[in-house]
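Below is one structure, written out as structure tokens, with a few remarks after it.
Bear in mind that the values in this text are calculations on the coordinates, not laboratory data. Please read these numbers as outputs of a predicted model, since none were measured by experiment.
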Amino acid sequence: MKKTSPKSEPPFNLPSKPLLIVLSGPSGAGKDAVLSRLKKSGYPVEFITTVTTRPKRTQEKNNVAYHFVSTENFQQMVKNKELLEWANVYGNWYGVPKQPVRQALEEGRDTIVKTDIQGATTIKKILPQAVFIFLMPPSMEELAARLKDRRTESHFDLDLRLKTAEAEIKQLPLFDYVVVNKRDEIDLAASAVEAIITAEKHRVIPREISL
């Protein structure tokens with residue numbers, strides 16, 4: 001009987017690389033709401049909690065939406081190079097802790113971070129292979145209504161956030177995807193984010209993150 005050489009198996013079902021997803025957008029776009037919906041759905045992604053010096057709002061819990069720290073502790077984290085990126089936004093400091101991002105990626109878990117436009121721009125420079133998603137309000141009028149409904153900003157702060165949002169929306173070309181988050185349609189926005197992640201997992205040439 002003629003011997004045949006063993007054939008190599010086709011590279012089907014190769015494990016994909018872990019993704020780093022950066023969710024950004026103007027204040028009031030609904031980033032926290034979309035992430036909360038993803039968490040409740042049990043979607044398999046590591047959620048990284050942002051560190052901030054801003055005061056905790058009544059309905060917020062520490063170490064859930066944010067890690068609330070003092071300005072002194074935040075500056076110490078900067079000094080120790082513990083943050084992937086950080087920025088001062090409306091008078092308060094915000095930053096993404098580096099170690100949990102690195103650990104999740106090393107363990108092969110898709111990871112999502114929430115940041116403002118400044119932070120997304122910084123991450124884009126150091127980790128261009130991340131997936132950048134811009135969460136967009138359906139209109140400036142809708143954004144203004146949401147900010148007013150929060151009742152956490154003065155008239156001056158509200159005007160500042162709206163003017164800032166107009167400038168931030170012009171940064172849209174820096175992102176890979178845009179998701180419009182309409183009022184009372186959080187499920188659709190969350191599903192769109194899931195669809196983006198699913199599509200990215202099927203890239204012929206996967207993104208590779210080195211942190």
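For the chain, the longest principal axis of the alpha carbon atoms and the long axis of helix 155-169 meet at an angle near 30°. Size descriptors for the chain (Cα atoms only): Rg and Dmax, in that order, 19.6, 88 Å. Here region 59-167 is treated as an ellipsoid with the same Cα gyration tensor; its semi-axes, largest first and in whole Å, are 27, 18, 14. For region 122-165, the alpha carbon positions stretch 38, 20, 16 Å along the principal axes, listed from largest to smallest. Fully extending the segment from Arg183 to Lys163, taken as 0.36 nm per residue of separation minus the present Cα-Cα distance, adds 5.1 nm. With contacts taken as Cα pairs under 8 Å at a separation of at least 6 residues, the chain carries a relative contact order of 31 percent.
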